[in-house]
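Everything on this sheet refers to the single structure shown next.
Bear in mind that the values in this text are calculations on the coordinates, not laboratory data. What you are looking at is a predicted structure, and each value in this text was computed from that prediction instead of being measured. Positions of Cβ are generated from backbone atoms using ideal geometry, with glycine treated the same way; all protein chains shown enter the neighbour counts.
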Amino acid sequence: SKLAALFKHPLYNIPIPKVTEKDKLFVVNPMEKFSLHSSRSDEWVSSSKAETLLPTGKTAYDTYPTWLKFHVGINRYELYPRQDPLMPTLLRDLATKRIVSSGTTSPPAPLPTPLPCCPLLTSLILMSLSVQKSGGTQLKLIMTFPDYGQALFKPMKQTRDQETPADFFYFSDFERHNAEIAAFHLDRILDFRRIPPVSGRLVNITKEIRDITTDKKLAKTFFISPAGNVCFYGECSYYCSTEHALCGKPDRLEGSMAALLPDKTLAKRRSWRSPWRRSYHKSKKAEWELNPNYCAQVRETPPYDRGHRLLNLIDMTVLDFLMGNMDRHHYETFEKFGNDTFLLHLDNGRGFGTHSRDEPSILAPLQQCCSIKKSTYLRLQLLATEPYRLSDLLREALAADPLAPVLAEPHLQALDRRLGKVLAVVGHCLAR
């Protein structure tokens, strides 16, 4: 396994700073545990109502569902650890756990009295079940499991071998479910670990969406196509109409299932407009496209005038170039950690749309600033060598996904070509 060898390499074992209480997203009561009612109900209860004894050698943490362990493990330096023992279980949960019923279009407020251990659980306990996610230009659904874990479902809109036409503007491109899956694994191979876990899943539209939703607006959009397939289109800003309906075969539909981050009422996130945001206009150009010295003014503007924020943004730039994502207009951080933390790499569905051409403008932050983290540069060099070739690593990582093959082979080969171009840009900077 090239992947196992990669994660054993010294460059993938650089220790993070010691994590103190203030560096954790959530500080939980180590004595508080949770268990499911022994009845047929799937309701969670706190230890005040549960049995007080645990099996020998078990701790209260062992009673948490996997999604909750993921949430309480988030800290200032990483979304999840490099050698995360939870990851196989969490990905399996996303792919196989039962999707439960009932829901509304907007989640209600958290319970008035948080449970002692985990206030985030009290919020998620009442979150909407299998409902449409509000906002966004394309259809997404929130799926909820019996243990109150939740995932964001993005359905398949096009096949793996369809390339985005050259005449398409980046802002009118489809979001691709397989791009979300591949982006998570690529982000992990680059050792950024800033994308929440994503797994592919084959969903039954009838049993796992139509029959269990209480979202009346969503329910009205289901129909049977002339070919006898179950279809729906939901509500969104664009591409939610009969002409853009999502249809099963006859009711089976592929999609990506991304683990949700803690609710924003419990872990506030701040959204930042990217300095290298595109104009989102058919003819106008953004300032960074016209001013070759644009980076100089970015360096003088908070929060890029101190800390690692600019370098973290350049990490994100490298990720986006490798997968061909031109749609990075905003990014988010956890508000609790201020400026000294990682960037969340969310919404990657417009990656991996083309393999036959590259978009050099995505690398503008790297080209204009001529800055990159030394650790990132060394890992990129490593991934360009035969024993750790990037395309081989991603191919191996994606082979374990339920929807494998996730990417068409030309997309994997394009990664090696693009990695060479990133290294060439850094080499040019070093020469200057």
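Here are the numbers:
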{"item": "Amide hydrogen neighbours beyond the local backbone of Glu254, cut-off 5 Å, H modeled", "result": "Met156, Val203"}
{"item": "Percent RCO, i.e. relative contact order, over segment 190-336, from Cα pairs under 8 Å lying at least 6 residues apart", "result": "24 percent"}
{"item": "Distance violations [Cα-Cα > 25 Å] among Lys69/Lys264; Lys154/Lys374; Lys18/Lys268", "result": "Lys154/Lys374"}
{"item": "Stretch gain in nm, segment Glu386-Glu163, where the contour uses 0.36 nm per residue and the Cα spacing is subtracted", "result": "77.5 nm"}
{"item": "Cross-link reach list, lysines versus Lys285, counting only Cα pairs under 27 Å and skipping chain neighbours closer than eight places", "result": "Lys421"}
{"item": "Segment Glu287-Arg306, extension gain: residue separation times 0.36 nm, minus the distance between their alpha carbons", "result": "4.6 nm"}
{"item": "Spacing of the two label points (7 Å from each Cα toward its C-beta) at Glu21 and Lys374, in nm", "result": "3.5 nm"}
{"item": "Sequence-separation-based contact order of segment 280-418, relative, with Cα cut under 8 Å and 6+ spacing, percent", "result": "24 percent"}
{"item": "Cross-link reach list, aspartates and glutamates versus Lys24, counting only Cα pairs under 16 Å and skipping chain neighbours closer than eight places", "result": "Glu78, Asp263, Glu335, Asp340"}
{"item": "Qualifying aspartates and glutamates (Cα of each under 20 Å from Cα of Lys2; at least 8 residues distant if same chain)", "result": "Asp84, Asp187, Asp191, Glu386, Asp392, Glu396, Asp401, Glu409, Asp416"}
